[in-house]
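Below is one structure; the comments refer to it alone.
The values are calculated or read from the model by the stated rules, or taken from the named source; none is laboratory data. Because the structure is a prediction, the values reported are computed rather than measured. Neighbour counts run over all protein chains shown; Cβ positions are idealised from the backbone, glycine included.
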Amino acid sequence: MLIWERPEPPARSTPSPLDRERIVRAAMRLADADGLEAVSLRKVAAALDAGPMRLYRYVDTKEELLDLMVDAVYGEIRVPEPTAGDWRARVRSLARGTRDAALRHEWFADLLGGRPHLGPAAIGHLEATAAALRSAPGLGDDASALMRSMETVNAYVLGVIRHEIADRRAERASRLTEQQWQAAAGPYLNRVLASGAYPTLAHIVANAAQRDPAAAFDTGLDMLLEGIAAASRSGPGTTTQN
């Protein structure tokens, strides 16, 4: 039986009371401070001043604990009301909330992807995203198109989040800020681009406006949603010929 269907054990009167929420919050604090490698049932038990065997009354494995942690983060993401703004506004709200949550809990992105998460908050987030996209004109009840749109949005959000977090981790590991790294790498890059071998990249570097990560995230998401809208307007099974 999955943990989502397994009732929580009754509370006991002890000097160090336990429940799943306390266990999950303690594990999240460890992960926020030192990454997922810092999370184990033994370390969580020590943080709660409890014996490790007591935790097994609440979670059977570390994998279950990680599932609970992921769902707790999903629970931090505000789900917009179904009537709050148009479909794009609701998708943007969910995507931005996911990004914000991942930047607060960097380990969250490491646990996304692969098999879907089945906790109540995760399923609620998925339902809200699906419902918002279903409201796109022309998408409606085309389940296959809706699934492709959800996969595309999720791939974009996860890809950007992982890229941002990788940049953060690289900066911490190298102890160089983004500006310091650019100053160190700049002369080499300028020589490479001046060779004329990479004209398109040279054009982008010379002329593209620099945006902060949040603005870049929003711009890319808007481009993606415009593509979904255009595809949905063209109707099911329609392809665009060049």
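List the number of the failed condition for Thr177; all other conditions in (1) under 24 Å from the mean Cα position of the chain (by Cα); (2) modelled with pLDDT of 90 or more hold.
(2)
Name every residue in the stretch 144-161 that is over 21 Å from Thr83 (Cα atoms) and out of contact with any Lys or Arg (no Cβ under 8 Å at 6 or more places or on another chain), in order of residue number.
Across the stretch 144-161, the qualifying residues are Ser144, Ala145, Met147, Arg148, Glu151, Thr152, Asn154, Ala155, Tyr156, Leu158, Gly159.
Which residue, of Leu103, Leu65, Leu18, Leu112, is touching a residue at least 24 places away in the same chain (Cβ under 8 Å), out of contact with any Leu (no Cβ under 9 Å at 6 or more places or on another chain) and either part of a helix (DSSP H, G or I) or surrounded by 14 or more Cβ atoms within 10 Å (Cβ to Cβ) (or both)?
Leu103
Where the second residue is among the β-branched types (Val, Ile, Thr) and the first is closer than 14 Å to Val91 by Cα and lies in the stretch 135-150, which pairs have Cβ atoms under 9 Å and are six or more apart or on separate chains?
Ala136/Val91; Ala136/Ile228; Ser149/Ile228; Met150/Thr129
Got a sec? Which of Arg78, Arg88 is part of a loop (DSSP other than H, G, I, E, B) and under 28 Å from Phe217 (Cβ atoms)?
Answer to the selection: Arg78.
Please tell me if Ala128 is assigned by TED's automatic domain parsing to the domain that holds Ala102, touching a Pro at 6+ places or on another chain (Cβ under 8 Å) and closer than 19 Å to Asp86 by Cα.
Yes, satisfied.
Could you check Leu146 against (1) farther than 30 Å from Ser16 by Cβ; (2) in contact with a Pro (Cβ under 6 Å, 6 or more places away or on another chain) and say which number it fails?
Only one criterion is unmet by Leu146, namely (2).
Considering each of Leu146, Leu201, Leu224 in turn, give the residue that is hydrophobic (A, V, I, L, M, F, W, C), over 30 Å from Gly97 (Cβ atoms) and surrounded by 12 or more Cβ atoms within 10 Å (Cβ to Cβ).
Criteria check complete, one pass: Leu201.
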